[in-house]
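Every number here is computed from the coordinates shown, using simple stated rules; none is lab data. Every value quoted in this text rests on a predicted model; they were computed, and no experiment measured them. All Cβ positions, glycine included, derive from the backbone under ideal geometry; neighbour counts span all protein chains shown.
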Amino acid sequence: MAYDKFTILRSTAVPMPAENVDTDQIIPARFLKATERTGFGDNLFRDWRYNNDDSPKADFVLNNPTYRGQILVGGKNFGSGSSREHAAWAIYDYGFRCVVSSFFADIFKGNALNIGILPVQVSPEFLARIFAAIEADPTTELEVNLPEQTITLLATGNSELFAINGYKKNNLINGYDDIDYLLSMKHEIEEFADTRPF
Amino acid sequence: MSTPKTLFDKVWDAHVIRHVDDGPDVFFIDRHFIHEVTSPVAFLGLEGRNAPVMFSERTYATADHNTPTLNQHLPVADPLSANQLAALQRNATRYNISHWGLGHQKNGIVHVVGPENGITLPGMTIVCGDSHTSTHGAFGAIAFGIGTSEVEMVLATQCIMQPKPQKMRISVNGTLGKGVLPKDVALYIISQISASGATGYFVEYAGDVFRNMSMEGRMTVCNMSIEMGARGGMVAPDQTALNYLNGRDLAPKGEAWDKLVPYWETLKPDEGATFARDLTFDAATIEPQITYGTNPGMGTGVTKQIPLGVSMKDGGASYQKSLQYMGFAENETMIGKPIDFVFLGSCTNGRIEDFRAFASIVKGRQKADNVTAWLVPGSHIVEAQIKAEGILDILMEAGFELRQPGCSACLAMNDDKVPAGKYAVSTSNRNFEGRQGPGARTLLASPLVAAAAAVTGVVTDPRQLM
Ligand code: SF4
């Protein structure tokens with residue numbers, strides 16, 4: 001699925017310090033019934049965001065106009081649980097391009113990268129610093145520089161390097177996806193398949 | 001001599017077509033399962049690229065995630081679910097993929113029907129857009145859940161791009177006590193290492209307990225690997241695994257089977273193979289388990305108290321919020337807590353052995369009046385076996401009814417939803433907030449613990465009823 005290229009993102013951020021945010025919270029199963037990929041942003045964090053009568057819950061961060069931006073900052077073990085890529089779609093569709101946490105669940109991380117969201121894993125200390133900075137000033141900006149692999153709190157210049165696999169980095173910067181790559185080696189795959197015993 | 005390999009290394013390395021520099025491996029997939037929820041968008045993508053399915057005979061489709069568990073012969077009432085089921089049927093037909101839709105005699109939960117029909121074999125790589133694909137690891141396959149982009153990738157190229165996970169071994173030695181089932185082993189391990197304790201790893205299970213375990217039990221444990229954060233888990237294939245598969249409908253037959261046996265016999269760790277993490281547990285310390293919180297790591301022995309937050313690694317605000325959601329408090333005893341629902345089913349515990357265990361407790365007793373019970377077989381084959389073995393009679397005499405196969409209350413996409421605030425003892429795999437319906441409170445447990453709760457109406461130690 002094509003997505004926008006990612007190089008340098010400068011934005012305010014939305015803080016969500018809860019730990020173990022699982023994909024059932026990001027997008028509850030009952031919203032997985034679509035056969036298309038659009039519109040999931042409306043149901044992002046549905047049950048945290050809305051009351052049963054569909055009125056917004058005032059105390060939930062996405063309903064608080066103070067916090068805006070293309071970066072979502074989450075607590076440890078973000079994206080655990082089900083493999084539903086819908087969770088990543090919902091985050092992307094809502095308008096986030098980057099999720100920051102001190103730890104990501106594996107499948108979520110893979111799904112995010114596959115659809116053009118950059119998961120940035122920072123140290124627990126740096127994560128705490130980001131949360132503190134946003135709390136002190138919700139207009140504080142972060143800069144995520146993918147080519148340099150840095151994340152910076154612009155107000156203080158505080159910065160940290162993050163890791164990303166070189167292949168995925170290249171894909172994100174160029175807006176490529178894995179299928180483009182795999183289709184280019186079709187012949188090799190077919191030959192390999194012939195060697196399988198089952 | 002080359003470096004000794006683990007079981008995981010052997011199977012992984014045999015499927016790498018190419019190493020990408022500073023990138024993932026191009027990884028070949030032997031078998032691919034699809035279902036109605038995570039495949040439609042993948043097919044849309046395929047259509048958008050104008051790409052064919054590369055090897056349609058390597059993919060199998062079954063409808064399970066949002067199918068009703070009553071009146072399956074009638075049209076599906078929910079238009080959105082019906083739409084997804086129709087899309088699966090349409091895509092399967094268009095791309096020439098085997099499709100076991102609603103009502104098909106092979107229909108059932110994807111991770112139940114794969115092994116039961118002999119599609120799953122040792123040494124395979126298996127993926128599906130469902131995280132509990134790890135179930136198939138019980139046979140010595142590398143099996144894991146993937147996202148929809150990857151479903152599209154496998155359809156188009158039979159490959160995915162994967163970095164190789166780290167290796168972890170979990171050994172459980174000794175003999176399991178009375179009333180302790182494979183589900184308890186899994187919940188116990190997760191409670192010890194936490195719901196993220198194996199993130200980044202692929203687990204190999206070793207030790208007497210797994211060697212002596214049935215295939216159904218191994219599937220339960222491998223299924224729950226994902227709940228400790230692991231990508232998957234596997235058990236070295238042995239005679240128990242081969243006996244289970246031999247003669248199954250789609251398993252290789254005769255000479256084809258015989259030719260594979262020598263290869264399968266090599267599927268065990270080499271002497272001296274090392275793991276990045278190597279954990280050992282003692283079977284004797286495991287008692288029947290139950291969860292009290294909102295992730296599968298928040299579990300304890302059924303006779304125990306809810307731990308104090310301060311004693312937990314993640315004991316802070318999240319812990320308190322979780323207990324609050326459950327309506328529990330630190331230090332409370334689990335035994336005696338009233339419950340409202342019991343769910344026996346899912347790809348974790350929806351197999352014949354699970355129904356046998358459940359029936360062993362409810363036999364000669366009556367369902368508690370305050371309990372609504374959903375007993376959902378994992379497949380039509382399991383359903384038929386329940387009837388053939390006389391288990392259905394036992395269940396009915398005890399006041400239970402049997403529903404039709406599907407994922408059901410495991411993820412509550414159909415009508416089987418636990419109402420807000422109600423307590424459900426469930427044999428499924430996830431107790432996340434709202435997993436079994438908005439506001440639902442889930443206590444994960446084994447079929448024995450579920451049965452004990454179903455006949456007493458409260459959390460009960462099943463050993464008291466054995
Ligand atoms: S039973 Fe639950 S975990 Fe298993 S395949 Fe169905 S939804 Fe997934």
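General remarks:
- For region A:21-86 versus region B:197-217, the gap between their alpha-carbon centres in whole angstrom: 34
- A cut-off under 10 angstrom between Cβ atoms defines the neighbours of B:GLU150, and their net charge, with Lys, Arg +1 and Asp, Glu -1, is -3.
- The trypsin sites (Lys or Arg not before Pro) of region B:125-196 that DSSP puts in a loop, and whose beta carbon has at most 12 other beta carbons within 10 Å, are B:LYS178.
- Peptide B:53-62 is shielded by partner chain Cβ atoms: per residue, an average of 1 of them sit within 10 Å of its Cβ.
- Neighbouring partner chain Cβ atoms per residue of A:163-169, average, 10 Å criterion: 4
- Considering only region B:289-465, percent of DSSP beta bridges that pair antiparallel, nearest 5: 35
- Computed over region B:7-162: relative contact order in percent, which uses C-alpha pairs under 8 Å that are six or more apart: 33
- Ellipsoid equivalent to chain A - semi-axes via the Cα gyration tensor, in Å: 30, 23, 14
- Taking trypsin sites (Lys or Arg not before Pro) in DSSP loop states with no more than 16 other Cβ atoms inside 10 Å as exposed sites, chain A has its longest site-free stretch at A:69-198.
- The order of the peptides B:12-21, B:430-439, B:449-458 by mean Cβ neighbours within 10 Å, most packed first, is B:449-458, B:430-439, B:12-21.
- In order along region B:327-343, phi translates into HN-Hα couplings of x, 10, 10, 3, 6, 6, 7, 6, 4, x, 5, x, 10, 10, 10, 10, 10 Hz, rounded to whole numbers, per the Karplus curve 6.51 cos²θ - 1.76 cosθ + 1.60 with θ = phi - 60° and x for Gly and Pro.
- For region B:418-466 versus region A:117-149, the spacing of their alpha-carbon centroids is 40 Å.
- Site pair B:TYR325 and A:TYR3 shows an inter-label distance of 2.5 nm when each label is modelled 7 Å from Cα along Cα→Cβ.
- For residues of B:152-159, the mean tally of beta carbons on other chains within 10 Å: 6
- When only Cα pairs below 8 angstrom with a gap of at least 6 residues are kept, region B:289-465 shows a relative contact order of 29 percent.
- In the protein assembly as shown, helical runs assigned H by DSSP with n ≥ 4 each contribute -39500 (n - 2.57); averaged across all residues and rounded to the nearest 500, the mean residue ellipticity at 222 nm is -9000 deg cm²/dmol.
- Based on Cα contacts under 8 Å between residues 6+ apart, chain B shows a relative contact order of 18 percent.
- Cα gyration tensor shape for the protein assembly as shown, rounded if a/c is under 1.5, else prolate or oblate: rounded
- Per-selection Rg to Rh, region A:105-198 - Cα, Kirkwood hydrodynamic radius: 1.17
- Three-way shape label, region B:159-256, alpha-carbon gyration tensor, a/c 1.5: oblate
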